[in-house]
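For reference, the structure discussed in these notes is given below.
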Protein chains: 4
Amino acid sequence: MTEDQILSSVKDKELIEKRRNQMIEGAITLFKEKGFHKTTTREIAKEAGFSIGTLYEYIRTKEDVLFLVCDAIYDQVHACLEESIDHESPSLENLINVTKSYFRLIDEMQEGVIIMYQEVKSLEGEKKEYVLKKEREMVDMLEHLIITSLPHKMEQADAEILANNIFVQGQMWGFRRWMLQKQFSLEEYIDRQIHFLLQAIDIKRED
Amino acid sequence: MTEDQILSSVKDKELIEKRRNQMIEGAITLFKEKGFHKTTTREIAKEAGFSIGTLYEYIRTKEDVLFLVCDAIYDQVHACLEESIDHESPSLENLINVTKSYFRLIDEMQEGVIIMYQEVKSLEGEKKEYVLKKEREMVDMLEHLIITSLPHKMEQADAEILANNIFVQGQMWGFRRWMLQKQFSLEEYIDRQIHFLLQAIDIKRED
Amino acid sequence: MTEDQILSSVKDKELIEKRRNQMIEGAITLFKEKGFHKTTTREIAKEAGFSIGTLYEYIRTKEDVLFLVCDAIYDQVHACLEESIDHESPSLENLINVTKSYFRLIDEMQEGVIIMYQEVKSLEGEKKEYVLKKEREMVDMLEHLIITSLPHKMEQADAEILANNIFVQGQMWGFRRWMLQKQFSLEEYIDRQIHFLLQAIDIKRED
Amino acid sequence: MTEDQILSSVKDKELIEKRRNQMIEGAITLFKEKGFHKTTTREIAKEAGFSIGTLYEYIRTKEDVLFLVCDAIYDQVHACLEESIDHESPSLENLINVTKSYFRLIDEMQEGVIIMYQEVKSLEGEKKEYVLKKEREMVDMLEHLIITSLPHKMEQADAEILANNIFVQGQMWGFRRWMLQKQFSLEEYIDRQIHFLLQAIDIKRED
DNA sequence: CATGAATGAGCGTTCATTCAT
DNA sequence: CATGAATGAACGCTCATTCAT
């Protein structure tokens, strides 16, 4: 599974999960405040509620913490999408709802998304690959949803772009909030983006 | 002017500009490779072609380098927009061209955009303000262009969202290229995004 | 207590004291040789017998070391005075003995006194205040001793000057030894200064 | 002469003196504020009114500046003593006046004395020797004055101690002012110290 | 003689990581 | 398993000194 990429010198799987969750929670809090690079491992350990020595029983490098955090955040987003997608009877309605859920999640998770978004680049090699693959999968889900939800055919290429657009417009609310909130509430923002989305896919609706 | 916020102990204005340009160029190269935090001041100095001591004759802190870099990148984008906007007779044609120029610039500037995009947050206080203000101004330019270019009226709020969308979709090409380039060439990407844009503003054209 | 003004990231109080004592001893050796400013933190750590990293587990800044040193020296002087003062039955005899003890201590502590004397000014704000207060207290002790020891009344102002004189004449032996030792042994110096002191307070004795 | 120990690449003797005086004046101002070690050569040059390059035309190292400053201060004290000593008809009166002049000079020169006093130790080898020799000479002057001024004989050893005491009590006013001024004005301090001095040399006067 | 841009050794300090207890 | 004291490489930055102009 996901976290098996990260070696731990502790054997007890349950304990590993418990400790890593404490770690992730603490780290997110700190990364929000000061970013990954300005957060020290000592601070992470303290915030997580154990000692620096213990921290290193469950990871091998500071980067591992970042990986764990990114992974957790992606999983949350993924779970949200998965949950709101109606696999059995896709519909335009469902596409809209999924998009709304996604935007709202971003709003809730606040800077969590920013963290992940801005720090993934600090990951190296395999780990970066792994995380980006997860992102790719989520876009694919959206893409597939778009194709199956529409009443008419749409080129896969277009669907890909639209999926990316939705994905990025969500993130945009995350870190351009400072600019957008002067004009829009979250729901207004959502409504207008969905409106444009529907226009783009050439559908007339009475919203 | 822009860079006068950053103190230098050297008097000669021309020299300051020359050295700072060397600095910016070197820094961009390095920031691309490893990000701001993992780049050391010594590396920046070396890449720029002078000693660490000389570096600090032209700036006061490492953050100053980041500011200079962000500022330079924004100026480039701003100049590109300014240059392609037809202030005298705005038209849909011009809006499209501006968008295209912008997308192409992003493509040329490569990771320059990413740097700026991902590292601005590392700036502090006034400097961050200053850079964000510049970003805001560019979005405003786009917004204004949208409003004046369209044959029909558009709410300012909608124009703002569209301006942000264009801005962000440009950046998206910058740092999701790894994903998008599997399917699209730059020009294809541009064409499709512009297509969606026009649909969104409810205009039928024969592209 | 005294050293609680200086933060340590180590918890174990005993260890803190042990390490700080190593530190103080090493620092005094070095400060004697080259003064505070020319001594590096690395040298202090090495002389104390541990790494630079460990040094900073027990202090926060280089100035802290100076403070610790000054504090330790003052405490030694203070303890010496306290010990030799006969609080219950003050007498001229006792005053003389205290003075002698003090002069001898200065001689033993050698350049320790000079360090403190010449480097206190490098302390800043609160710490300087704290150390100077300690000095003030010692002079006060002498002053009080003078007043209570004399068979006749003496103005407090005079006592203060005399206390200062004694204090400074002790230090004088510390850092004018290069000049004085050509003529005097320590005991000769002491005898003559005490002789003058007694003359000054207008007392005839058969020494 | 005195300053010939310090090499200059400039030939013109008058210019050397002029520049060095500017230097000394500027340096004293700065040393008072922040001490020798915390003052930079650049600051000295600026305060003196010329460039860092020019500074180094007249000295070879930063320590040279300190030497020049110490030398100048000692010369001032020396001149003051010399001026007030009545070589032709020494008298107790004159001794008192010399002492008073000296104390008042210290008061005027304020931290100048402290500088010299606390930084001489930073001089190395020959230069330290040279400056200390000057100090020794001044004490000798006082010592000689004491011997010749008194109506009765006094051991040379005693005279030496008294001379040192006077010298140091002057300096004491210089850097224990923070403590003494709460109780004494300069003149009160002088009067009482002279009173004690006279007692010490066993002379009854009607002050 | 005067200038000030250039240099780089060296400083104080931090922090990821280890390992004995 | 948990702890936290110890380590030292590495960082950002300073400043005495030089030398081409």
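All of the numbers you see were taken from the coordinates with simple rules; none came from a lab. Bear in mind that the values here come from a model prediction, so they are computed numbers and not experimental data. Ideal geometry is used to build each Cβ from the backbone, glycine not excepted, and the neighbour counts take in all protein chains shown.
Quick check: net charge around residue A:114, other residues with Cβ under 10 Å of its Cβ, Lys/Arg +1 and Asp/Glu -1?
Details: positive: A:32, A:177, B:121; negative: A:111, A:119.
With Lys, Arg at +1 and Asp, Glu at -1, the net is +1.
Selection among A:189, A:138, A:22 by position relative to the dipole of the range A:2-200 gives A:22 as farthest towards the positive end (Cβ unit charges, Cα centre).
Can you bin the range C:99-172 into rounded, prolate or oblate? Criterion: square roots of the alpha carbon gyration tensor eigenvalues sorted a ≥ b ≥ c, rounded for a/c under 1.5, prolate for a/b above b/c, oblate for the rest.
On the way: a/c = 2.91, a/b = 1.51, b/c = 1.93.
Judged from the Cα gyration tensor, the range C:99-172 comes out oblate (a/c at least 1.5, b/c at or above a/b).
Indicate the gyration tensor shape class of the protein assembly as shown (rounded, prolate or oblate), computed on the Cα atoms with a ≥ b ≥ c the square roots of the eigenvalues: a/c under 1.5 is rounded; otherwise a/b larger than b/c is prolate and the rest oblate.
Working: a/c = 3.73, a/b = 2.41, b/c = 1.55.
It is prolate, given that a/c is not under 1.5 and a/b is the larger ratio.
Annotation for residue B:87, label-to-label distances across the other copies: 5.7, 8.4, 8.5 nm (shortest first, one decimal, point 7 Å from Cα along Cα→Cβ). Within the range C:157-175, find all residues whose amide N lies under 13 Å from a label point positioned 7 Å from the Cα of residue C:121 along Cα-to-beta-carbon. Flagged as within label range: none. Taking every residue in A:112-120 and counting other chain Cβ atoms within 10 Å of its Cβ, the average works out to 2. With an 8 Å Cα cut-off and a minimum separation of 6 or more residues, compute the relative contact order for the range D:133-207 in percent. About 23 percent, as a whole number.
Over the range A:91-164, what is the mean sequence separation of C-alpha contacts under 8 Å (at least six apart), divided by residue count, expressed as relative contact order in percent? Provide the component values of the computation, followed by the final result.
On the way: 32 pairs, mean separation 27.8, N = 74.
It rounds to 38 percent for the range A:91-164.
Look at the stretch A:128-137: the mean tally of other chain Cβ atoms within 10 Å of its residues' Cβ atoms is 1. Inter-chain Cβ neighbour count for C:164-171, averaged per residue, equals 4 (cutoff 10 Å, partner chain atoms only). Summarising the label geometry, the points placed 7 Å from Cα in the beta-carbon direction at residue C:12 and residue A:54 lie 2.0 nm from one another.
May I ask you to order B:111-123, D:78-90 by the average number of other C-beta atoms within 10 Å around their residues, highest value first? Don't jump to the answer; show the numbers that get you there.
Values: B:111-123: 20.4, D:78-90: 14.0.
The most tightly packed comes first, giving B:111-123, D:78-90.
The other copies place their residue A:34 label points at 2.2, 2.8, 3.2 nm from this one, listed shortest first, where each point is 7 Å from Cα along Cα→Cβ.
Taking R0 as 35 Å, what's the FRET efficiency between residue A:137 and residue A:38 from their Cβ-Cβ distance, rounded to 0.05? Efficiency for this residue pair is about 0.70. Taking the Cα centre of the range B:2-200 as origin and assigning +1 to Lys and Arg Cβ atoms and -1 to Asp and Glu Cβ atoms, the resulting dipole is close to 880 debye. Inter-copy label distances at residue D:129, using a point 7 Å along Cα-to-Cβ, come to 4.6, 6.1, 7.2 nm with the shortest given first.
Of all beta-carbon atoms in chain C, the one sitting closest to the axis that brings chain C onto chain D gives C:37, 2, with the distance in whole angstrom.
The local environment of residue A:137, defined by Cβ-Cβ distances under 12 Å, has a net charge of -2 under the rule Lys, Arg +1 and Asp, Glu -1.
Under the rule a/c < 1.5 gives rounded, and otherwise a/b versus b/c splits prolate from oblate, where does the range C:63-200 land using the Cα gyration tensor? Display every interim value, and only then the final one.
Working: a/c = 1.99, a/b = 1.30, b/c = 1.53.
Taking the square roots of the gyration eigenvalues as a ≥ b ≥ c, the range C:63-200 is oblate.
With contacts taken as Cα pairs under 8 Å at a separation of at least 6 residues, the range D:63-200 carries a relative contact order of 31 percent.
Mind putting a number on the dipole of the protein assembly as shown about its Cα centre? Charges go on the C-beta only, +1 for Lys and Arg and -1 for Asp and Glu, and I need it in Debye to the nearest 20.
On the way: 108 positive and 156 negative charges, 230 e Å.
Here the size comes out at about 1100 debye.
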